[in-house]
Amino acid sequence: MSYQRTQNYNNRRQKNWSRNQNTVAYTSAIKLGPVAHTVLVALMITVLGLIYLTQATRATSYDYATQKIDSQIAELNTQKNDLQIENARLTALETVKSSSVASAMTTPATTDYIQQ
């Protein structure tokens, strides 16, 4: 296998380099002008901006989902408190009816009302 020297690679003898330096330097065959560099930088900034916007939008959608779940939790806590109050009211009435004091009470023979 033989290697051929191309115009893109320069060896140490041609550049007169010293020790501990790269012995091969790559020179690009494509030359870009200042306008092309400006366009490439603008394109890279645009791509990075779009990536940022997609990430920010994703975080916002998570925020909406979290807010919806939080409102459901608050609504369910309100329903739970209402049911606890209703349960306490109903069990208190049953406890009073079945107590020994309530069973010892008798109904009155006559009821009189005061008139004004």
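Mind checking which residues of region 82-116 are acidic (Asp, Glu) and under 58 Å from the mean Cα position of the chain (by Cα)?
Result: Asp82, Glu86, Glu94.
Could you check region 94-107 and list, in sequence order, the residues that are among the aliphatic types (A, V, I, L, M) and exposed (fewer than 10 other Cβ atoms within 10 Å of the Cβ)?
Answer for region 94-107, where residues must be among the aliphatic types (A, V, I, L, M) and exposed (fewer than 10 other Cβ atoms within 10 Å of the Cβ): Val101, Ala104, Met105.
Search region 102-116 for residues that are at negative phi and pair each with any residue that is surrounded by 10 or more Cβ atoms within 10 Å (Cβ to Cβ) when their beta-carbon atoms are under 9 Å apart and the residues are at least 6 apart or on different chains.
From residues that are at negative phi, the pairs are Ala102/Val96.
Can you give me the ranges of the helices (runs of 4 or more DSSP H) entirely in region 6-116 with at least 3 residues that are modelled with pLDDT of 80 or more?
34-97, 100-104
The values are calculated or read from the model by the stated rules, or taken from the named source; none is laboratory data. Small disclaimer: the values here were computed from a predicted structure and weren't measured. Cβ sites come from the backbone with ideal geometry, for glycine too, and all protein chains shown count toward neighbours.
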